[in-house]
Amino acid sequence: MSDQNNKKSNADKGGKKKYIPANRFVYWFFISVVARILLKFKLRTEYDRTGFEDLMRNGGPALVVSSHISNLDFLFSGVFLYPNIVAFVGSHHFTTNKITNFFIKISHAIPKKMFCADVSTIISIMRARDAGRIIVIYPEGRLTCSGHSVQVTEGTAELVKKLGIDVYYLHQDGAYKSVPKWAGLKFRTGKVLVHGGKLFTKEELKDLSVDEIKAGLAKAIYHDEDKLLTDVSYRSKAPAEGLEGTLYKCPVCGTEFMMKSEGDTLSCGSCGASWKLDEKYVLHGEVFDHINEWYAWQEETLDLDEPIDSEVTVGSPGEDGLLVKDAGRGRLRVDRDSISFSGEVFGEPLEFTEKTSIVSAFPASVADHISMYSKRVLYYFYPVPDRKVTVKWVQYLDKVTKERTLNV
């Protein structure tokens, strides 16, 4: 099955450029050996392939849509679908780092500029389909901060319709609790269950509208870690460490950016209120029992009539394509309608304004930076003086997008 796919992808009929999959031996080593061992013994990962029998037996072309809740989701997907050598669609920003760019290249992943028109990515995905590959995409376009789904990115449903191939969905229950975004790559041994099923057949897609496909995608990948594997403990010596980057506002006194974490405790430096996070991800303290409840409350309290404005340092790819973290400085502002920057990058003055209807979300690293594209150029913005404001920027734009969607 996989050999036939390789032959199809390497064929060159009429001089048309083809998608070439990853080298079989390299893919086997990183996915079937390294990743499989890591996920099995470190994260205690289990796989339920019920509903994937035809796909595993016959291979592509097919599309797999996956929830995106941890930095290891591509490994879960790769091991789950092996021995198929899949075509991953991943964020373009990974190409700006030497280490992650290496893995992008050896896996023959397809880079995608997030929340930015990217015709070249669509062409590459269509080539992967024509080569008979299984294509894996993450429709949310970014990693959740709270273990709960975020909105499906615009254009995803249109792409699914255009591809016209069978669509499957995939979940990684417990992956967020094993590697929470706000804690960095610090593994917490507990349990991960990878599972899913078939979402649409290619015949069904012909009769479905784009809106129906979008609704189906959102329902299929919907994820709420607070309601999954609630009896499993995820071992950590410091379960709350780093959480203040996501839970930045005290629900007792309302003070922002005074939260601090140590060990299993998150506390407010203003009023002294404190919470303990246990190894089952339950909060013990006032107001909230779960991280996502607190996170949602923060978004609810944001006033969209009060724009966010901050001094920032700027990172951007240099001539070699790799990220230069100290490329410039300026001011960034976001309101209901637009995101604007004024400053200097690589020694040259730079100003731009992008509509929030186009740039509808901020990919981010917790307590570090947000990122976006303007005129197809990637910019990282590091808030000054306190990078904990990062998640507030994320939630502000999320709320703007949700408001716009509800008013359509």
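The values are calculated or read from the model by the stated rules, or taken from the named source; none is laboratory data. In this text the structure is predicted, and so the values were computed from the model without any measurement. Cβ atoms come from the backbone with ideal geometry, glycine included; neighbour counts cover every protein chain shown.
Among the residues of region 250-290, those identified as part of a loop (DSSP other than H, G, I, E, B) and within 25 Å of THR189 (Cα to Cα) are GLY263, ASP264, ASP278, GLU279, LYS280, TYR281, VAL282, GLY285, PHE288, ASP289, HIS290. Restricting region 354-368 to residues that are modelled with pLDDT under 95 and outside any loop (DSSP other than H, G, I, E, B), which is nearest to GLY242 (Cα to Cα)? For region 354-368, the residue satisfying everything is SER365. Quick check: anything in region 126-138 without any contact (Cβ under 8 Å) to a residue 40 or more places away in the chain and either surrounded by fewer than 19 Cβ atoms within 10 Å (Cβ to Cβ) or assigned to a helix (DSSP H, G or I) (or both)? Within region 126-138, one or more residues are without any contact (Cβ under 8 Å) to a residue 40 or more places away in the chain and either surrounded by fewer than 19 Cβ atoms within 10 Å (Cβ to Cβ) or assigned to a helix (DSSP H, G or I) (or both). Against the conditions (1) among the hydrophobic types (A, V, I, L, M, F, W, C); (2) closer than 18 Å to GLU225 by Cβ; (3) without any contact (Cβ under 8 Å) to a residue 12 or more places away in the chain, VAL119 satisfies every one except (2). Residues in region 198-245 that are among the acidic types (Asp, Glu) and in a loop (DSSP other than H, G, I, E, B) were compared, and the one that is farthest from CYS145 (Cα to Cα) is ASP231. I'd like the residue in region 174-200 that is charged (D, E, K, R) and either modelled with pLDDT of 95 or more or surrounded by fewer than 17 Cβ atoms within 10 Å (Cβ to Cβ) (or both) and, out of all such residues, is farthest from LYS219 (Cα to Cα). Among them, the one singled out is LYS186.
Is region 292-310 home to any residue that is assigned to a strand (DSSP E or B) and surrounded by fewer than 14 Cβ atoms within 10 Å (Cβ to Cβ)? Among the residues of region 292-310, at least one is assigned to a strand (DSSP E or B) and surrounded by fewer than 14 Cβ atoms within 10 Å (Cβ to Cβ), which makes the answer yes. Would you confirm whether or not region 321-328 contains a residue that is in contact with a helix residue (DSSP H, G or I) (Cβ under 9 Å, 6 or more places away or on another chain), loosely packed, with under 14 Cβ neighbours inside 10 Å and not in a strand (DSSP E or B)? There is at least one residue in region 321-328 that is in contact with a helix residue (DSSP H, G or I) (Cβ under 9 Å, 6 or more places away or on another chain), loosely packed, with under 14 Cβ neighbours inside 10 Å and not in a strand (DSSP E or B). Inside region 374-403, can you point out the residues that are more than 17 Å from the chain's Cα centre (by Cα) and under 13 Å from TYR295 (Cα atoms)? Within region 374-403, LYS392, TYR396, LYS399 meet the criteria.
If you go through region 107-125 and keep only what is farther than 22 Å from MET372 by Cβ and surrounded by fewer than 18 Cβ atoms within 10 Å (Cβ to Cβ), you end up with just ILE123.
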